[in-house]
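Shown next, in structure tokens, is the structure this report addresses.
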Amino acid sequence: MLFLTYFEMNEAMPVAERLQTAQKLTASGLFPPKDVKLVRWDITPDGWGILVVEADNAAALDRSLTLWRATGAGFFKTTRTAPAQPVVEAIPGTAQVLKDLGGR
């Protein structure tokens, strides 16, 4: 199952502290957890980005984000996470809903 997370870094956290947190989690092998496959992890120069992962359930992804929050309190300003799917897979489902509703 795919999950997409949109995040915004907390600009109030010093850059050195953010870097230390990131290095601690990635170098130790804690992130990503064993039950989460990292598909994409991108950040912009403005400090917001996306994380796309494959996981069997939401609990696995919750662990991923909790690791960041517990290691660096205030690391994120905002996160938004939801199940996701490729658009090409969503289109047939949308078409079927319209068909089921009588072609609306």
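The values are calculated or read from the model by the stated rules, or taken from the named source; none is laboratory data. As the structure is a prediction and not an experimental result, all values here were calculated from the model. Quick reminder, even Gly has a Cβ in these numbers, built from the backbone with ideal geometry, and neighbours come from all protein chains shown.
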Can we say Leu65 is aliphatic (A, V, I, L, M), surrounded by 14 or more Cβ atoms within 10 Å (Cβ to Cβ) and part of a helix (DSSP H, G or I)? yes
Just a yes or no: is a residue in the range 56-71 touching a helix residue (DSSP H, G or I) at 6+ places or on another chain (Cβ under 6 Å) and farther than 16 Å from Thr5 by Cβ? yes
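Could you tell me whether Thr79 is surrounded by fewer than 17 Cβ atoms within 10 Å (Cβ to Cβ) and in contact with a helix residue (DSSP H, G or I) (Cβ under 8 Å, 6 or more places away or on another chain)?
Working: surrounded by fewer than 17 Cβ atoms within 10 Å (Cβ to Cβ): yes; in contact with a helix residue (DSSP H, G or I) (Cβ under 8 Å, 6 or more places away or on another chain): yes.
For Thr79, the condition - surrounded by fewer than 17 Cβ atoms within 10 Å (Cβ to Cβ) and in contact with a helix residue (DSSP H, G or I) (Cβ under 8 Å, 6 or more places away or on another chain) - is met.
Kindly indicate the residue of the range 18-36 that is of a type in the set (Val, Ile, Thr) and surrounded by 13 or more Cβ atoms within 10 Å (Cβ to Cβ) and also nearest to Leu67 (Cα to Cα) among those meeting that condition.
From the range 18-36, those of a type in the set (Val, Ile, Thr) are 21, 26, 36; that's our starting set.
Imposing the further condition that a residue be surrounded by 13 or more Cβ atoms within 10 Å (Cβ to Cβ) reduces the set to 21, 36.
Numbers: Thr21: 10, Val36: 13 Å.
Within the range 18-36, the match that is nearest to Leu67 (Cα to Cα) is Thr21.
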Any residue at all in the range 6-15 that's among the hydroxyl-bearing types (Ser, Thr, Tyr), in a helix (DSSP H, G or I) and modelled with pLDDT of 90 or more? no
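I'd like the full set of residues that are under 17 Å from Arg40 (Cβ atoms) and free of Cβ contacts under 8 Å to residues at least 60 places away in the same chain, limited to the range 58-73. It would help to see each step written out before you state the result.
Within the range 58-73, the subset under 17 Å from Arg40 (Cβ atoms) is 60-61, 64-65, 68.
Matches in the range 58-73: Ala60, Leu61, Ser64, Trp68.
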So which residues in the range 71-83 are over 9 Å from the mean Cα position of the chain (by Cα) and modelled with pLDDT of 90 or more? Phe75, Phe76, Lys77, Thr78, Pro83
Can you report the number of residues in the range 2-41 which are hydroxyl-bearing (Ser, Thr, Tyr) and either in contact (Cβ under 8 Å) with a residue 60 or more places away in the chain or in contact with a His (Cβ under 7 Å, 6 or more places away or on another chain) (or both)? 2
In the list Val39, Val15, Val52, which residue meets the criterion of being out of contact with any Ser or Thr (no Cβ under 6 Å at 6 or more places or on another chain), of a type in the set (A, V, I, L, M) and either on the phi > 0 side of the Ramachandran plot or surrounded by fewer than 12 Cβ atoms within 10 Å (Cβ to Cβ) (or both)? Val15
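Considering only the range 42-57, I want to know if a residue exists there that is in contact (Cβ under 8 Å) with a residue 60 or more places away in the chain and among the polar types (S, T, N, Q).
No, the range 42-57 has no match at all.
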